[in-house]
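*Asks:* Please find one structure pasted underneath; my questions will follow.
The values are calculated or read from the model by the stated rules, or taken from the named source; none is laboratory data. Being a predicted model, the structure only gives us computed values, none of them experimental. Cβ placement follows ideal geometry from the backbone for every residue including glycine, while neighbour counts extend to all protein chains displayed. When the accessible area is computed, the model is the full protein with side chains, heavy atoms only, and any ligands, DNA or RNA have been set aside. Shrake-Rupley method; radii C 1.70, N 1.55, O 1.52, S 1.80 Å.
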Amino acid sequence: MDAPLRPSPAQQRLPSLLVEAICLAALVLACVKLGRGVEGVLDLGLWDEADYLHRAQLLPVRGLPDPEWGPLYSVWYLVLARVWPDPVDLFYGNARLLILLTTVAGYVFLRRVGARPWLALAGAAAYLLSMAPHVLPRPTLLAFLVILLSLIAASRVRSAVAASALVGLGLLVASFARPEHFLSFLLMSALLAGLLARGVWKERSRWPRAVGAGAAYGLAALALMEVMGNPFGNTSNRRFYAFCQHFADNHVKRTGFPVNPWSECGTVIREVFGDGVDTLGEAARANPGAVLTHVGQNLGRYPRESLKMFAAGPGGTSPLSGSGPWKREEWGHLLLLALAVGLPLGTLVANGRRLGRALRRPRVVRVLVATCAVLLPVAASVMLIQPRQHYLVHQGLLGLGVLAALASAVTRGGGRLAERLATGPGALGLSSALACVLVLAVPDLVARQGGPSRVVRPQLQRVRELRALGLEARIRAGDTVNVLDAQGGVSVYLGAPFRRVPPWTKRAEESLTDYLRRQRIDLVLLDGRLREDPLFRGDPELDAFYAEPGAFGYATWRLRDSGEKLALPDAWATGKARRTAPSLPESHAAPAVSPRCDGALPAMESGRTADAGMRPGCARLPAPHL
């Protein structure tokens, strides 16, 4: 009797491709579903996130920002702005895209380190349903995406030298989004140099190839740094500023010191370390005990913050239901977490005798080395600064990668059951079941908050109401509406022609009147934030401005839905021509008659008094201030 025909290679690959397609389709569907939910409940990101977007808006005029301030993320925003020109759409589009790309890249990474499709699906799902892809600001997610892509590329080459070079260059690119990864790049560069030297030591005839490889790597790195800059150039002392803020935050929480740690950290530094301290080394020498106490606080918080980052869902919600009945989202989340973490750990325990041999396998060694290179500088940031969420994003998925690589190594040739779950109907059925679990486990974030009518997004509402005023009709084409933005970047989302004027543009001894005139401020939100700013709260004119904007040439306006008050040029309320602006320095000269004085806004409270002073000039500055 004829022997049965063996399936062709194409027929053998078909079930595997189908399994991969099911897993990827489930991930994409889950990302789209969760992304829509995030967009439905997430408010606009202020402060750091708005700063990155602002730098992207200024990039065509100002060029790249300092390399310490994540220029790659601003470039990323600028590129995405061609798809979503509106800043609000851009913010939400970027959030959805980074959720999708990092999750899919995480799945591919886990597959490349040896995870079965269904295990890689569970691991990527655990990342998706955690807090990790939802951190603000988001340059960490862009850096993580670059790192994952470099690890995937390195997994496709056999040479340890080539793999190290790919990971090293990937870490360098990632450092242009998060500068701490420059230390990771230096570690991988040192490893590459060691590998090249070892190769030459073993076989002297390899030295031309080693020199060529080292030169190519060095030239590529230098070319990138020539374009983007040196993330550790310390041109603006960002590292110490980060330490200053977070040390002050810990100090205020511990002692109750009466300052705002985020805007007045210098006061805490002078109080604890003395005058003239502006580096971490000087702080450690001046008061080592205070630094050690700060590090101890951070280490005490680290396990709790890490567990929360990986186990909690979007917004920090626990997968446990508490006292109420369990929902399918909670069951699914816990099942995926148990599979992603418990199964590899159980495999390692069951095959403990093979662990020593597994640790020597090239793929496991590469994963361990790359993970250490990525996480060691992050660990230093956690200790010296704080276990902030954006430092904890990488460790969950990279940790799962290490577990998957080890579990794959210890079960190599591990029996018939493992073979059935790896290929054929077993893999297809298990992957399909987990795909269904994942889609059902994605929470409906809008329904969780009680429906669309119950979702509160004050910053988005503020932007929509300000846009509805139609202030762009009050200016000539090419001119700007200058917004004194003490709210952390709300004006960035208003888009053109609104121009952000941050509070830190005020000079130390400058009066409020002079500042309003010099910066040609057209819009001020009267929410009291300026009273909290150290540059403004000591100004004796500030309370008078809040009480009677008309005395400064402004009128008050109440937003319809929120009832929030703001100050606008008085001439925009009365319809009268604006009076001639007072004399200004030649570099900031204003036109004698403002082009913004036609028409009037309805329902405006003028507040104009007979002895009101001159309205600040409104000429457009040559370039906006950052």
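*Asks:* Just one of 443, 452, 458 is buried (at least 19 other Cβ atoms within 10 Å of the Cβ), closer than 25 Å to residue 314 by Cα and within 28 Å of the chain's Cα centre (by Cα); which is it?
*Replies:* Numbers: 452 fails: buried (at least 19 other Cβ atoms within 10 Å of the Cβ); 458 fails: buried (at least 19 other Cβ atoms within 10 Å of the Cβ).
Matching residue, one of 443, 452, 458: 443.
*Asks:* Here's a follow-up. Determine which member of the set 553, 528 is open to solvent by less than 30 Å² (accessible area, probe 1.4 Å), touching a residue at least 24 places away in the same chain (Cβ under 8 Å) and out of contact with any Ser or Thr (no Cβ under 9 Å at 6 or more places or on another chain). Step through it out loud before you land on a result.
*Replies:* Working: 528 fails: touching a residue at least 24 places away in the same chain (Cβ under 8 Å).
Unique residue meeting the criteria: 553.
*Asks:* Could you say whether any residue in the stretch 135-158 is more than 26 Å from the chain's Cα centre (by Cα), on the phi > 0 side of the Ramachandran plot and small (Gly, Ala, Ser)?
*Replies:* Of the residues in the stretch 135-158, the ones more than 26 Å from the chain's Cα centre (by Cα) are 155-158.
Then drop every residue that is not on the phi > 0 side of the Ramachandran plot, which leaves none.
The answer is no; no qualifying residue exists.
*Asks:* Do we find that residue 149 is at pLDDT 95 or above, outside any loop (DSSP other than H, G, I, E, B) and either outside the structural domain of residue 369 (by the TED database) or open to solvent by 20 Å² or more (accessible area, probe 1.4 Å) (or both) in this structure?
*Replies:* Values: at pLDDT 95 or above: yes; outside any loop (DSSP other than H, G, I, E, B): yes; either outside the structural domain of residue 369 (by the TED database) or open to solvent by 20 Å² or more (accessible area, probe 1.4 Å) (or both): yes.
Yes; evaluated as a whole, the condition is true for this residue.
*Asks:* Still on this structure, please answer the following. Looking at the stretch 113-125, is at least one residue farther than 21 Å from residue 19 by Cβ, among the basic types (Lys, Arg) and crowded, with 21+ Cβ neighbours inside 10 Å? It would help to see each step written out before you state the result.
*Replies:* First, pick out the residues of the stretch 113-125 that are farther than 21 Å from residue 19 by Cβ: none.
Scanning the stretch 113-125 turns up no residue that is farther than 21 Å from residue 19 by Cβ, among the basic types (Lys, Arg) and crowded, with 21+ Cβ neighbours inside 10 Å.
*Asks:* Taking the condition assigned to a helix (DSSP H, G or I) and open to solvent by 30 Å² or more (accessible area, probe 1.4 Å), does residue 200 pass?
*Replies:* On the way: assigned to a helix (DSSP H, G or I): yes; open to solvent by 30 Å² or more (accessible area, probe 1.4 Å): yes.
So residue 200 passes the test.
*Asks:* Could you say which residue among 102, 140 is open to solvent by less than 20 Å² (accessible area, probe 1.4 Å), in contact (Cβ under 8 Å) with a residue 60 or more places away in the chain and among the polar types (S, T, N, Q)?
*Replies:* On the way: 102 fails: in contact (Cβ under 8 Å) with a residue 60 or more places away in the chain.
Answer to the selection: 140.
*Asks:* So how many residues does the stretch 247-265 have that are surrounded by fewer than 17 Cβ atoms within 10 Å (Cβ to Cβ) and small (Gly, Ala, Ser)?
*Replies:* So in the stretch 247-265, the residues surrounded by fewer than 17 Cβ atoms within 10 Å (Cβ to Cβ) come out as 253-260, 262-263.
Checking which are small (Gly, Ala, Ser) leaves us with 256, 263.
Final tally of qualifying residues: 2.
*Asks:* Determine, yes or no, whether residue 35 is open to solvent by less than 60 Å² (accessible area, probe 1.4 Å) and at pLDDT below 95. Full working, then the answer.
*Replies:* Numbers: open to solvent by less than 60 Å² (accessible area, probe 1.4 Å): yes; at pLDDT below 95: yes.
So residue 35 passes the test.
*Asks:* Look at the stretch 47-61 and say how many of its residues are within 14 Å of residue 80 (Cα to Cα) and at pLDDT below 90.
*Replies:* 0
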